[in-house]
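The values are calculated or read from the model by the stated rules, or taken from the named source; none is laboratory data. The shown structure was predicted, so the numbers you read here are calculated from the model rather than taken from an experiment. Glycine gets a Cβ as well: all are built from the backbone with ideal geometry, and neighbour counts include every protein chain shown. What goes into the accessible areas is simple: the full protein's heavy atoms, side chains included, and nothing from ligands, DNA or RNA. Shrake-Rupley method; radii C 1.70, N 1.55, O 1.52, S 1.80 Å.
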Amino acid sequence: MAVILNEQNFGEEISSGVVLVDFWADWCGPCAVITPILERLMVELNGEVRLAKLEVDKGHNMKLAGKYRVRGFPTIILFENGVEKARFGSVRSKQFIEDFIYEHSLLTR
């Protein structure tokens, strides 16, 4: 299950470990498509990576979207111990996302 982020808990939630943050909007079709892919992958990774979702729409969390230069949805940012390591946009396959995580973090297979 994903952690629901907001401007109050964002810093604390990404401060330790590997966290994949999904910047999404309610009206975004691709966001709805990628959510089950991300959730399935998190189960397969057995807690090595946490999934967190940040709704950026209708005035929600706009400061964070600006800070991280989010221009489209979904935008997925990989954080490790509070530091942005890499990002991608749009819908990608589960294999792409898994490879992305291992390529840009200190985790090993």
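Annotations for the structure displayed:
- Carbon plus sulfur fraction of accessible area for the chain, probe 1.4 Å, in percent: 54
- Summarising the label geometry, the points placed 7 Å from Cα in the beta-carbon direction at D99 and V33 lie 1.8 nm from one another.
- Euclidean distance between Cα centres, segment 65-92 to segment 2-54, Å: 10
- Chain lengthening between D26 and S90 when straightened (0.36 nm per residue, less Cα-Cα): 21.6 nm
- Rolling a 1.4 angstrom probe over the protein heavy atoms with all chains in place gives segment 22-75 an accessible area of 53 Å² per residue.
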